[in-house]
Amino acid sequence: MRISPAITQRLAKGVLILATISALGVLIFVIGFVLAGGFRHISWSFLTEPILDMGRGGGILPAIAGTILMVFVAIGIAAPLGIASSIYLAEYTEEGRVTQTIRFGINCLAGVPSIIFGLFGFILFVVILGFGWSIISGGFSLAAMILPTIIRTSEEALRSVPKNYRDVAASLGATRWQVVTRSVLPYALPGILTGVILGIGRSIEETAVVIFTAGSAVQMPKSLFDSARTMAVHFYILAREGISNENAYATAAILICTILIINVFAYSLMHRLMRGKS
Amino acid sequence: MTNALTAKKLDLYYGDFHALKNVNLAIAPKKITALIGPSGCGKSTLLRVFNRMNELIAGVKITGEVKIFGRTMNKINLLELRKSVGMVFQRPNPFPLTIYDNVIYGLRIHGISKKDILDETAFTSLTSVGLWNDLKDRLKENALKLSGEQQQRLCIARLIALKSDILLMDEPCSALDPIATARIEELMQDLKENYTIVIVTHNMQQAARVSEECGFMLLGELVEFGNTDRIFTAPSDKRTEDYITGRYG
């Protein structure tokens, strides 16, 4: 028997709506669960006090500081390197076997599990280069981890800029570099920023890499060569070793809020950049 | 008088494809020269030889000699060449910047940043394309808000600001309505006092209306080149006659 198109249409619509609602529902449930469990234990002193008794008491200020410093090191290295590579790939080379190989390599790297980057960072930065367990080692390893994402998203952003912007600028006598900086980068910026934000997000939530390369010191880091823990690591240890469920929830809640704030900030920034251009 | 553009034994290949075959021509200064022919005949490719835009495409090979006001093209610094031989594209393509920033885009690229020079140039360029009176109070608005015709005028102003000598126009009116087309054609007549204009067009009436000299191209060959009136009334080649009378194309 043939079902009438009107019914299949209604059916399809129903299924799609249901799928969307359940997907969103899971997300809201997870976030709500963590926030509800965490917010009760968050206070001003929780944000501003040192970690006491391995996390049973005190606050998480050192973990916040560790997170910020490590993300800064990671982005400080990965963003310029990644954006420069993507400019080279998108604007300075002709499509061919070499670029295909490079792109294939980048895609493979993007799929490598983070624990491998942790091991790599441990061997190279902690042991061979002798940085020890430190924010520097952690930041460098995180940079290696997010580099492929940044290169990929930036390259896509550059390629989505209409070709005729390049042609017009070139026909007016612009050098390749002027074409890139004046007629391509400004319009690719929102897309490039997306890649950087994704990188920040991934660095903040990463645990495996950080445990391997930055250790998990509870003291306030005094320099980039000190060991430190990030919020994600702190949360992981508290929960894993059954130190304090309350504080684990509270840390997780702050972690989620941080990522939400970064995303909101990034989207509003992007929005503003886009508005100026169209 | 030295010719504005000359090509001798010009051949161009896209990979294995022979796109321009032994093209020889001389384009006189301060005149409008039209290149006509069916799609894919190589007229746009020929136009793009004169500001070396073909070289942005991978796998292009060019042989032969091209001269610009008597100077061998390949001996002229590429950026200087592009400055003196400007191009107007098929679709109006201002940058999504303000009108003012569009006009002086080329000057900024060539390192000019003095405000009084930029302001003066914006004024003279917009005046010479007939936009100043309409737009003088809107210079800070986004150029994409302008009509198609205004955008195309703005793109021409962008070249005038650079003091280009030669304007290459690649079907500059094909995205415009008939009234806008007529007005751009009028502008071309005004501009030829000071500029050498080479226009590629699909539209034979347009070629007949605006140009003084005309070249007919077919399958990469320049079949016939000469006075426009003569080409349209008494073509010497059978293929030209067939095209003009509408047998193909």
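The values are calculated or read from the model by the stated rules, or taken from the named source; none is laboratory data. The structure displayed is predicted, hence computed values, not measured ones. Positions of Cβ are backbone-derived with ideal geometry, glycine not excepted, and every protein chain shown enters the neighbour counts. Just so you know, the surface numbers come from the protein's heavy atoms only, side chains and all, with ligands and any DNA or RNA stripped out. Shrake-Rupley method; radii C 1.70, N 1.55, O 1.52, S 1.80 Å.
Does A:F235 satisfy the criteria of being more than 14 Å from chain B (Cβ to nearest Cβ), assigned to a helix (DSSP H, G or I), under 23 Å from A:G37 (Cα atoms) and open to solvent by 20 Å² or more (accessible area, probe 1.4 Å)? Before you say what the answer is, go through the steps one by one.
Numbers: more than 14 Å from chain B (Cβ to nearest Cβ): yes; assigned to a helix (DSSP H, G or I): yes; under 23 Å from A:G37 (Cα atoms): yes; open to solvent by 20 Å² or more (accessible area, probe 1.4 Å): yes.
Yes.
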Within the stretch B:28-69, residues being surrounded by fewer than 24 Cβ atoms within 10 Å (Cβ to Cβ), under 28 Å from B:R230 (Cα atoms), within 16 Å of the chain's Cα centre (by Cα) and of a type in the set (D, E, K, R) number 3
Of the numbered conditions (1) hydrophobic (A, V, I, L, M, F, W, C); (2) assigned to a loop (DSSP other than H, G, I, E, B); (3) more than 23 Å from the chain's Cα centre (by Cα), A:W133 fails exactly one; give the number of that condition. (3)
In the stretch A:100-112, how many residues are in contact (Cβ under 8 Å) with a residue 12 or more places away in the chain and not hydrophobic (A, V, I, L, M, F, W, C)? 2
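Of the residues B:N194, B:N203, only one is surrounded by fewer than 19 Cβ atoms within 10 Å (Cβ to Cβ) and at pLDDT 90 or above; which? Talk me through it step by step, then tell me what you get.
Values: B:N203 fails: at pLDDT 90 or above.
Of the residues listed, the single one that is surrounded by fewer than 19 Cβ atoms within 10 Å (Cβ to Cβ) and at pLDDT 90 or above is B:N194.
Among the residues of the stretch B:151-181, how many are β-branched (V, I, T) and either closer than 14 Å to B:S125 by Cα or open to solvent by less than 10 Å² (accessible area, probe 1.4 Å) (or both)?
Initial filter on the stretch B:151-181 (β-branched (V, I, T)): B:156, B:160, B:166, B:179, B:181.
Still in the list and also either closer than 14 Å to B:S125 by Cα or open to solvent by less than 10 Å² (accessible area, probe 1.4 Å) (or both): B:156, B:160, B:166.
The total comes to 3.
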In the stretch B:70-100, residue surrounded by the most Cβ atoms within 10 Å (Cβ to Cβ) [restricted to those that are on the phi < 0 side of the Ramachandran plot, out of contact with any Leu (no Cβ under 8 Å at 6 or more places or on another chain) and more than 10 Å from every other protein chain (Cβ to nearest Cβ)]: B:I76
Somewhere in the stretch B:212-227, is a residue touching a Lys or Arg at 6+ places or on another chain (Cβ under 6 Å), modelled with pLDDT under 90 and open to solvent by 10 Å² or more (accessible area, probe 1.4 Å)? no
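Among the residues that make up the stretch A:165-180, is at least one of them more than 14 Å from every other protein chain (Cβ to nearest Cβ) and over 19 Å from A:G121 (Cβ atoms)?
There is no residue in the stretch A:165-180 that is more than 14 Å from every other protein chain (Cβ to nearest Cβ) and over 19 Å from A:G121 (Cβ atoms).
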Hey, can you tell me all the residues within the stretch B:1-58 that are under 22 Å from B:E213 (Cβ atoms), in a strand (DSSP E or B) and of a type in the set (S, T, Y)? B:T6, B:T33
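Take the conditions at pLDDT below 90, buried (at least 16 other Cβ atoms within 10 Å of the Cβ) and among the aliphatic types (A, V, I, L, M) and apply them to A:M270. Does it pass?
Criteria met by A:M270.
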Would you pick out the residues in the stretch A:136-181 that are in contact with a helix residue (DSSP H, G or I) (Cβ under 7 Å, 6 or more places away or on another chain) and outside any helix (DSSP H, G or I)? A:S160, A:V161, A:L172, A:G173, A:A174, A:T175
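Condition first: within 14 Å of chain A (Cβ to nearest Cβ) and surrounded by 21 or more Cβ atoms within 10 Å (Cβ to Cβ). Now tell me which residues in the stretch B:125-150 satisfy that. Walk me through how you get there before you give the answer.
Of the residues in the stretch B:125-150, the ones within 14 Å of chain A (Cβ to nearest Cβ) are B:125, B:140-145.
Hits for the stretch B:125-150 are B:S125, B:A143.
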Residue pairs meeting the criteria (Cβ under 7 Å; at least 6 apart or on separate chains; first among the acidic types (D, E) and at pLDDT 90 or above, in the stretch B:6-18; second part of a strand (DSSP E or B) and open to solvent by less than 30 Å² (accessible area, probe 1.4 Å)): B:D11/B:L20
For the structure I just gave you, tell me whether A:R159 is closer than 30 Å to B:R108 by Cα, of a type in the set (K, R) and within 14 Å of chain B (Cβ to nearest Cβ). no
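With within 22 Å of the chain's Cα centre (by Cα) and more than 30 Å from A:L52 (Cα to Cα) as the only criterion, which of A:I197, A:I204, A:I237, A:I256 stands out?
It is A:I197.
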Please identify the pairs in which a residue from the stretch A:206-223 that is under 16 Å from A:I123 (Cβ atoms) and touching a residue at least 12 places away in the same chain (Cβ under 8 Å) has its Cβ atom under 9 Å from the Cβ atom of a residue that is of a type in the set (F, W, Y) and not in a helix (DSSP H, G or I), counting only partners at least 6 apart or on another chain. A:F212/A:W133; A:T213/A:F131; A:T213/A:W133; A:A214/A:W133; A:G215/A:W133
Test A:I123 against the stated conditions and say whether it is within 26 Å of A:A110 (Cα to Cα), touching a residue at least 12 places away in the same chain (Cβ under 8 Å), away from chain B (no Cβ under 13 Å) and in a helix (DSSP H, G or I). no
Looking at A:N245 and the list (1) modelled with pLDDT of 90 or more; (2) over 18 Å from the mean Cα position of the chain (by Cα), which single condition is not satisfied? (1)
Exactly one of A:S154, A:S183 is open to solvent by less than 10 Å² (accessible area, probe 1.4 Å), closer than 30 Å to B:I57 by Cβ and at the interface with another protein chain (Cβ under 9 Å from one of its Cβ atoms), and that one is A:S183
Qualifying residue in the stretch A:238-260 (condition: open to solvent by 20 Å² or more (accessible area, probe 1.4 Å), closer than 30 Å to A:S160 by Cβ, more than 14 Å from every other protein chain (Cβ to nearest Cβ) and out of contact with any helix residue (DSSP H, G or I) (no Cβ under 7 Å at 6 or more places or on another chain)): yes
Name the residue that is surrounded by the fewest Cβ atoms within 10 Å (Cβ to Cβ), counting only residues in the stretch A:49-77 that are assigned to a helix (DSSP H, G or I) and over 25 Å from the mean Cα position of the chain (by Cα). A:D53
A careful count of residues in the stretch B:101-124 that are of a type outside the set (D, E, K, R), open to solvent by 60 Å² or more (accessible area, probe 1.4 Å) and under 24 Å from the mean Cα position of the chain (by Cα) gives 2
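Condition check ((1) over 18 Å from A:V168 (Cβ atoms); (2) in contact with a strand residue (DSSP E or B) (Cβ under 9 Å, 6 or more places away or on another chain); (3) touching a residue at least 24 places away in the same chain (Cβ under 8 Å)) across all residues:
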{"site": "B:R108", "(1), (2), (3)": "no, no, no"}
{"site": "B:L118", "(1), (2), (3)": "yes, no, no"}
{"site": "B:V129", "(1), (2), (3)": "no, no, yes"}
{"site": "B:W132", "(1), (2), (3)": "yes, no, no"}
{"site": "B:A143", "(1), (2), (3)": "no, yes, yes"}
{"site": "B:Q151", "(1), (2), (3)": "no, no, yes"}
